[in-house]
Amino acid sequence: MLKIIKQSFPKFLIGLTFAVSALSASAQLSDRVIAVVDEDVILQSEFDARVEQIIANNSGRNLPPRAELREGVLDQLIIESLQLQLAERSGIRIDDNRLNQALTQIAAQNNMSFEQFRNVLNQDGQYLEFREQIRRDLMINNLQTGTINQRITITRQEIANYLRSEAAQTDIAPEFRVHHILIPVENPLQNQLQEELADLLYQQIQDGASILDLAASQQILGIPVSGGDLAGWRKTENLPTMFRPVVPTLDVGEVSEPFTSDSGFHIVEVVEKRGGVDLQVNQSHVRHIMLRPNEIRTPQQTRELIFELHERIRGGEDFGDLARVYTDDPTSMVSGGDLDWVTEGQLPPPFEAALSEVPVGEMSEPFQVGQDWHIAEVLERRVEDVTEENRRFQAEQILRERKFETELQNWLSEIRDTAYIDIKIDEDS
């Protein structure tokens, strides 16, 4: 439920004091069990606190009648309890590092540092309770993600049908941030000076001038200019009509040659680009020998052996033959240490760093990743176009997201229907 936390948390601060006082008041009541949910119970105090918190956080908004609101809150607490019990039985745990990352992210969304955020919550003694609530929400989020994704099937035919649809052209289209400059023309038959200025400005931009600074000049050589930052991220269909044929053809940082419209001469620059499906990746064809300390070979002996193998390969012995005999990597042993084509970012950072220094056809010096020692050889390098794979991947993710909420509600109904639930609260409670 992290998505929910992210969206609703700024409102949480508004109702924080109200919610805290509600919690304190509830704690003073003689507590009692109002529902048994499998092996868990829901207490009157937590039920009342949740009701009051919802009222506080939605002050000024229309809420359902109190009886309906209380029924919905109890149902929410029951569903949360069932999910937390399932998460615990599934071995889902949120360690303090992961929890602190989430809290830091929430703090940033409220324009605070982690320390500032903690201090605000501590003013009312609510930091520890809020921290544990986020831990519970993360556990539920992990449970939902793992469970629901296993229940969702996306077929090849569904992907193909989606990619042929008009919706796909919009959903997976890239977005751009654009800077531009306009040299307006009042009379299309008398535009020679404006055309010459457009060519001059284009050359200046190519030589390093800022398109924003030029556009802000308002007038250059006595000729009006305008433009600047085309605010926000824009998909192609949200760009000005005259920009639509031009912007998608530009790389990030590239500036268009001057082009015309009824308004005058334009120059545009793509400042940033995100999304879309065009994707080229750097790949290396790699083979390696990996040695790992074990019961019969100490870390020092492992280090000595990898350096010995390195010298033997330099002395003329075959890399693949030695890999078949010595490597501790079972996945590449039979192939003589061959990892096939590896995409940049696929290997651990220390491995990537060592590979980056190795020319094609050469072998690395021995290097360590954790306790393991490696020698790696780069056989080939290439830039691979994976646009089609990326296109299909994005389509699958979109279709999966569309099915997620429906399947989630189905699953929540199932776990509630099969649970033991004994509600002890009456209508007047």
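The values are calculated or read from the model by the stated rules, or taken from the named source; none is laboratory data. Quick caveat: nothing in here was measured; it's all calculated off a predicted structure. All Cβ positions, even for glycine, are placed from backbone atoms using ideal geometry, and neighbour counts span all protein chains on display.
Summed over region 377-429, residues that are of a type in the set (S, T, N, Q) and buried (at least 16 other Cβ atoms within 10 Å of the Cβ) total 2.
Conditions tested, residue by residue: (1) crowded, with 16+ Cβ neighbours inside 10 Å; (2) β-branched (Val, Ile, Thr); (3) over 18 Å from ASN390 (Cα atoms); (4) modelled with pLDDT of 90 or more.
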residue: GLY125; (1), (2), (3), (4): no, no, yes, no
residue: ILE140; (1), (2), (3), (4): yes, yes, yes, yes
residue: THR147; (1), (2), (3), (4): yes, yes, yes, yes
residue: ILE159; (1), (2), (3), (4): yes, yes, no, yes
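Does GLY72 satisfy the condition of being surrounded by fewer than 16 Cβ atoms within 10 Å (Cβ to Cβ), free of Cβ contacts under 8 Å to residues at least 12 places away in the same chain and either of a type in the set (Lys, Arg) or not in a helix (DSSP H, G or I) (or both)? So GLY72 does not fit the description; no.
When LYS235 is tested against (1) of a type in the set (D, E, K, R); (2) out of contact with any Gly (no Cβ under 8 Å at 6 or more places or on another chain); (3) surrounded by 14 or more Cβ atoms within 10 Å (Cβ to Cβ); (4) farther than 18 Å from GLN169 by Cβ, exactly one condition is not met: (4). Just to verify a result, which residue in region 119-140, among those that are over 25 Å from the mean Cα position of the chain (by Cα) and assigned to a helix (DSSP H, G or I), is nearest to ILE415 (Cα to Cα)? Per the criteria, the residue is GLU129. Look at region 333-367 and say how many of its residues are among the polar types (S, T, N, Q) and modelled with pLDDT of 95 or more. The number of residues fulfilling the criteria is 2.
A count restricted to region 321-334 and to residues that are in contact (Cβ under 8 Å) with a residue 24 or more places away in the chain and part of a loop (DSSP other than H, G, I, E, B) stands at 4. Restricted to region 210-225, and to residues there that are among the small types (Gly, Ala, Ser) and under 14 Å from VAL178 (Cα atoms), the residue that is surrounded by the most Cβ atoms within 10 Å (Cβ to Cβ) is ALA215. For region 280-306, the tally of residues that are basic (Lys, Arg), assigned to a strand (DSSP E or B) and touching a Ser or Thr at 6+ places or on another chain (Cβ under 9 Å) stands at 1. Scanning region 250-303 for residues that are at pLDDT 90 or above, more than 30 Å from LEU197 (Cα to Cα), surrounded by 18 or more Cβ atoms within 10 Å (Cβ to Cβ) and not hydroxyl-bearing (Ser, Thr, Tyr) yields GLN283, VAL286, ARG287, HIS288, ILE289, MET290, LEU291.
Among the criteria (1) exposed (fewer than 12 other Cβ atoms within 10 Å of the Cβ); (2) more than 17 Å from SER284 (Cα to Cα); (3) not β-branched (Val, Ile, Thr), the one GLN368 does not fulfil is (1).
Pairs meeting the criteria (first residue in region 350-368 and closer than 21 Å to GLU308 by Cβ and in the same structural domain as HIS288 (by TED's automatic domain parsing), second residue of a type in the set (D, E, K, R) and outside any helix (DSSP H, G or I), beta carbons under 6 Å, at least 6 apart or on different chains) are MET363/GLU377. Of the strands (runs of 3 or more DSSP E) that lie entirely inside region 192-279, those containing 2 or more residues that are of a type in the set (Gly, Ala, Ser) span 226-235, 264-275.
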